[in-house]
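What follows is a set of notes on a single structure, which appears directly below.
The values are calculated or read from the model by the stated rules, or taken from the named source; none is laboratory data. From a predicted model like this one, the values you see are computed outputs, not experimental measurements. Backbone-built Cβ (ideal geometry, glycine too); neighbour counts: all protein chains shown.
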Amino acid sequence: MRNAPASSRNAGFTLVEMLLATILMVTILGALATVTAQWLPNWNRGFARLQRAELVAAGLERLVADLAAAENISASDANDIPIFDGAELSVTFIRTTLGPNTFTGLEVVQIAETSDDRGPALVRKTAPFASMMGGARQSDQLNFSNPVVVIRAPYRVSFSYAGPDRVWRATWRGAVQLPRAIRVRVRDAATSMTLAVSTSTLIHAELPARCTMANTTANCPRNGPSASSANTGSVQGR
């Protein structure tokens, strides 16, 4: 019987070579797992921050457009004071109806901060304007519905208001005209730091529609906020 050629005896891997290859593969996989375990949480945190920033930007854009559409509407023709209640953490106003499958008309919009199991959230609610004309004179007497979260924690929103004098106030109540501008500040709930996304918007309708047909300024509300509004609001700067 002839012996096998030397080349055939040396073909394949020895047991030692297979063990060394297995150890090398396990070492490489372990190193990759360690790097992934350290890198993946940072990636997730960065992706979550990016998502929150995108949601804040979209919510802020919606909020600014909503406030700019406020209408100068009073509860009756005999009362020149428009329906507008502005506080630091909430604002209530009248605007044209917004949304699909809605009829042309007016609605009462309330944007206020509320809290739930996930923390503070800025929620937009609406109520028919006819309900206010029917007897409810205060926003807390209205049956608001259709809640929509505009901005959620960890971000919080505060409002300030300015009239023709360009003085920012923390409240705007009982004024004979709408504020000329509304400033929206977004801050981190944990650090209370104001973010760079804060902005302000101009109100398109400062005076009632009848002022466009008035012959004299006496037939229109006087400029500036009322005395009560100017005294209750804290000046925050020009």
Exercise for review: For residues that are of a type in the set (S, T, Y) and at pLDDT 85 or above, scanning just the range 124-157, find the one that is surrounded by the fewest Cβ atoms within 10 Å (Cβ to Cβ).
Suggested key: S145
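Conditions (1) of a type outside the set (S, T, Y); (2) modelled with pLDDT under 60; (3) within 22 Å of the chain's Cα centre (by Cα), marked per residue:
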site	(1), (2), (3)
T171	no, no, yes
R180	yes, no, yes
R185	yes, no, yes
M193	yes, yes, yes
I203	yes, no, yes
P208	yes, no, no
T212	no, yes, no
T216	no, yes, no
N223	yes, yes, no
Practice item. Could you tell me which residue of the range 58-105 is modelled with the lowest pLDDT, considering only residues that are aliphatic (A, V, I, L, M) and farther than 25 Å from S158 by Cα? Key: A78
